[in-house]
1. Filtering the stretch 210-227 down to residues that are within 12 Å of the ligand (Cβ to nearest atom) and either modelled with pLDDT under 95 or under 15 Å from Leu136 (Cα atoms) (or both), which residue is surrounded by the fewest Cβ atoms within 10 Å (Cβ to Cβ)?
2. What single numbered condition from (1) part of a helix (DSSP H, G or I); (2) under 24 Å from Ser101 (Cβ atoms); (3) more than 14 Å from the ligand (Cβ to nearest atom) fails to hold for Arg338?
3. Free of Cβ contacts under 8 Å to residues at least 40 places away in the same chain and assigned to a helix (DSSP H, G or I): is that true of Arg150 in this structure?
4. Are any residues in the stretch 5-39 touching a strand residue (DSSP E or B) at 6+ places or on another chain (Cβ under 6 Å), more than 6 Å from the ligand (Cβ to nearest atom) and closer than 15 Å to Ala210 by Cβ, and if so, which ones?
5. Go through the stretch 397-417 and report how many residues are farther than 30 Å from Thr314 by Cβ, part of a helix (DSSP H, G or I) and open to solvent by less than 20 Å² (accessible area, probe 1.4 Å).
6. Restricting attention to the stretch 358-387, and to residues there that are open to solvent by less than 20 Å² (accessible area, probe 1.4 Å) and assigned to a strand (DSSP E or B), which single residue is nearest to the ligand (Cβ to nearest atom)?
7. Out of the stretch 294-315, which residues are in a strand (DSSP E or B) and under 18 Å from Glu151 (Cβ atoms)?
8. If you go through the stretch 166-176 one residue at a time, how many are part of a helix (DSSP H, G or I) and either in contact with a Lys or Arg (Cβ under 9 Å, 6 or more places away or on another chain) or within 21 Å of Leu51 (Cβ to Cβ) (or both)?
Amino acid sequence: MPSAVTADALVLGAGIVGVSVALHLQKRGRATVLVDRRGAAEETSFGNAGLVQREGVYPYGFPHDFGALLRYGFNRTIDAHYHPSAIPRLAPFLWKYWHHSRPARHRAIAQLYSKLIEHCITEHQALAAEAGAMDLFRRSGWMKVFRTERERDLRFAEAERWRNEFGINFAALDRKQVQEKEPHLAPVLEGALHWTDPLAAVDPQAVALAYLERFEKMGGRLVQGNAATLEADGSGWRVRTAHGALAARDAVVALGPWADAVIRRLGYDLPLAVKRGYHMHYRAAGEAVLNHPILDTERGYFLAPMRRGIRLTTGAEFALRDGMKTPVQLNRAEPIARELFPLGDRLDADPWMGSRPCTPDMMPVIGPAPRHRGLWFAFGHAHHGFTLGPVTGRLIAEMITGGASFVDPSPYRADRF
Ligand SMILES: Cc1cc2nc3c(=O)[nH]c(=O)nc-3n(C[C@H](O)[C@H](O)[C@H](O)COP(=O)(O)OP(=O)(O)OC[C@H]3O[C@@H](n4cnc5c(N)ncnc54)[C@H](O)[C@@H]3O)c2cc1C
């Protein structure tokens, strides 16, 4: 076998999770090489809604009320869509997801998950400050807007419980207050829940690229290579890259929705699936301004003011990762969004699609591979990968370097499955 260039650590996948892991390792003195088949943050971490969701203590569960299930069954909603042909393959995952979403189990998961979420703002801010990237974030928080009093009151009560239990801050806005904060929204709203803690990125890819630049300034490298070539090499790991073979004692799988391409070959059969989502940018019509990212709660789409324009993002599409693009949710949402906010022309030639990497218990996989020394897992961040990238990065780097962990990592280990 030809001799390989060596490093201390390889990080496979340069999305927000991989970049954050690599930066944290490099900060701790580990010579780290990031490996991606593309450039950094060109996949899921490119096109998300850019929220650092401090309020996201309950990961998104599978609905349990009969009415919602019936609505989803007809496959005509905006917030969820499925490919009927994919359901037989997805059924085992969906069954487990449904099981973990039962109210008591979901509550127990939120207790564990909130321990990661509670650090999301401080960990992003720490990296952003070092990377000179603070101006890529707005501190506006974000808003859930409501069209009915019933939904509004339900969500206000839920927010109150989360404030007491998890220390999450919010403002409950009535009709008039929503209009004051967002004068260009149509006056059809009964109120809004303004989560005041979250950060909102104006370009999530640029955030990842700023963290990458910081990593490179500290001596780290990004190289092109195929993570699927990873193999054990003596007491460490080796991967083939465009610059030849690369070997290191530790290897971190941070491949988001493609994690299975590496771990399956090594004998790990984890229950992974994706929830796909789309985006499109729009010019704001005339002089209209959107001051906050907003979720049109009852309709199920999201509008985020970004550098490029207003980014409309869609909810979950249950389909195979590599199945055909079907932006039906985007097409359904667009006319409704135009009635709520004066959107101008579309700015992208085609809708963008990304795949949220999901586990059935809604928690990421963070920690050592159960049966291989020096192999680490950092994937499955679902709806909150942008939120949690820096938290996961720090946690993995602390585990690899053997320091005390700032969060107890045991609930997120792969051997829970
Ligand atoms: C519409 C939408 C909106 C979202 N909004 C939010 C939000 O507001 N807040 C939030 O926190 N999260 C949000 N998310 C989720 C978030 O985007 C993801 O959880 C996150 O980007 C996952 O990051 P990652 O680094 O794990 O994966 P990715 O960003 O997908 O990175 C994986 C990397 O692996 C590389 N790769 C794959 N295969 C190989 C291979 N064989 N060899 C080498 N490299 C390979 C890819 O090129 C890619 O760069 C949203 C997602 C979507 C789809």
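The values are calculated or read from the model by the stated rules, or taken from the named source; none is laboratory data. A quick note: this is a predicted structure, and the numbers were derived from the prediction, not measured. Methodologically, a virtual Cβ is constructed for each residue, glycine included, from the backbone with ideal geometry; neighbour enumeration extends over all protein chains shown. In case anyone asks, the SASA skips ligands and DNA or RNA and just uses the protein heavy atoms, side chains included. Shrake-Rupley method; radii C 1.70, N 1.55, O 1.52, S 1.80 Å.
1. Leu212
2. Tallying (1) part of a helix (DSSP H, G or I); (2) under 24 Å from Ser101 (Cβ atoms); (3) more than 14 Å from the ligand (Cβ to nearest atom), Arg338 fails exactly one: (2).
3. yes
4. Residues satisfying the conditions are Ala22, Gln26, Leu34.
5. Residues in the stretch 397-417 being farther than 30 Å from Thr314 by Cβ, part of a helix (DSSP H, G or I) and open to solvent by less than 20 Å² (accessible area, probe 1.4 Å): 3 in total.
6. Phe379
7. Listed by number, the residues that qualify are Ile294, Leu295, Asp296, Tyr301, Phe302, Leu303.
8. 1
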